[in-house]
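The values are calculated or read from the model by the stated rules, or taken from the named source; none is laboratory data. This is a predicted model, so every value here is computed, not measured. FYI the Cβ positions are ideal-geometry reconstructions off the backbone, even for glycines, and counts take in every protein chain you see.
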Amino acid sequence: MTEGPDRLQRLWTPYRMSYVRGGEPEPDDRCPFCRIADGGAQSELVVHRGDTAFVVLNLYPYNPGHLMVVPNRHVADYTDLTEAETTEVAVLTQQALRTIRAVSAPQGFNVGLNLGGVAGGSLSQHLHQHVVPRWSGDANFMTVLGQTKTLPQLLEDTRDLLADAWSTALPTESQED
């Protein structure tokens, strides 16, 4: 925060301007997760790519390190995943937890799926599992009163930290047995 000549403190979050403005229109109107799976817009936020699924930072995270595990295939319901997709989504979710723990030492996590729009799924047409690190006090007065989420790290920096730590946070042989 910086203090101006009027003695008001200002919290600068310039990376949020595209969100405030409603984002830039995408020339490709496909599902955002399908674009990312194909290497298009926001694919720079991908932390890891597997055979049937990938792990990507949430463009509008609840907390730093908020990841999503997403099947490559455009599928809406968990029961429609193949066995290989189900396995990889589960394994990547475990790896996301290990990696975030290694990088950020959160005190807890919210992990889950929102199936269908009424369940809170804003992109319900393409299944994605949220992995949200949590810390005591991370929902503070800014969120409650100001309807503003403050994030202490740019998405690009968070992505680099998580991608660099991804392979070092793999399970040990004793964890696999």
Exception for residue 94 within (1) part of a helix (DSSP H, G or I); (2) farther than 20 Å from residue 160 by Cα falls at (2)
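Among the residues of the stretch 132-143, is any of a type in the set (Gly, Ala, Ser), under 15 Å from residue 33 (Cβ atoms) and at pLDDT 85 or above?
Restricting attention to the stretch 132-143, the residues satisfying the condition of being of a type in the set (Gly, Ala, Ser) are 136-137, 139.
Checking which are under 15 Å from residue 33 (Cβ atoms) leaves us with none.
No, the stretch 132-143 contains no residue that is of a type in the set (Gly, Ala, Ser), under 15 Å from residue 33 (Cβ atoms) and at pLDDT 85 or above.
Return the residues of the stretch 76-91 that are under 16 Å from residue 114 (Cβ atoms) and modelled with pLDDT of 95 or more; say none if nothing qualifies.
Restricting attention to the stretch 76-91, the residues satisfying the condition of being under 16 Å from residue 114 (Cβ atoms) are 76-81, 89.
Hits for the stretch 76-91 are 78, 79, 80, 81, 89.
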For residue 101, are the conditions met, namely being among the basic types (Lys, Arg) and either in contact (Cβ under 8 Å) with a residue 12 or more places away in the chain or farther than 17 Å from residue 167 by Cα (or both)?
yes
Report, ordered by the first and then the second residue, all pairs with beta carbons closer than 7 Å, sequence separation of six or more or different chains, a first member in the stretch 109-120 that is in contact (Cβ under 8 Å) with a residue 24 or more places away in the chain, and a second member that is surrounded by 12 or more Cβ atoms within 10 Å (Cβ to Cβ) and part of a strand (DSSP E or B).
109/131; 109/132; 109/133; 109/134; 110/130; 110/132; 110/134; 113/129
Restricting attention to the stretch 88-139, and to residues there that are surrounded by 15 or more Cβ atoms within 10 Å (Cβ to Cβ) and hydroxyl-bearing (Ser, Thr, Tyr), which single residue is nearest to residue 64 (Cα to Cα)?
104
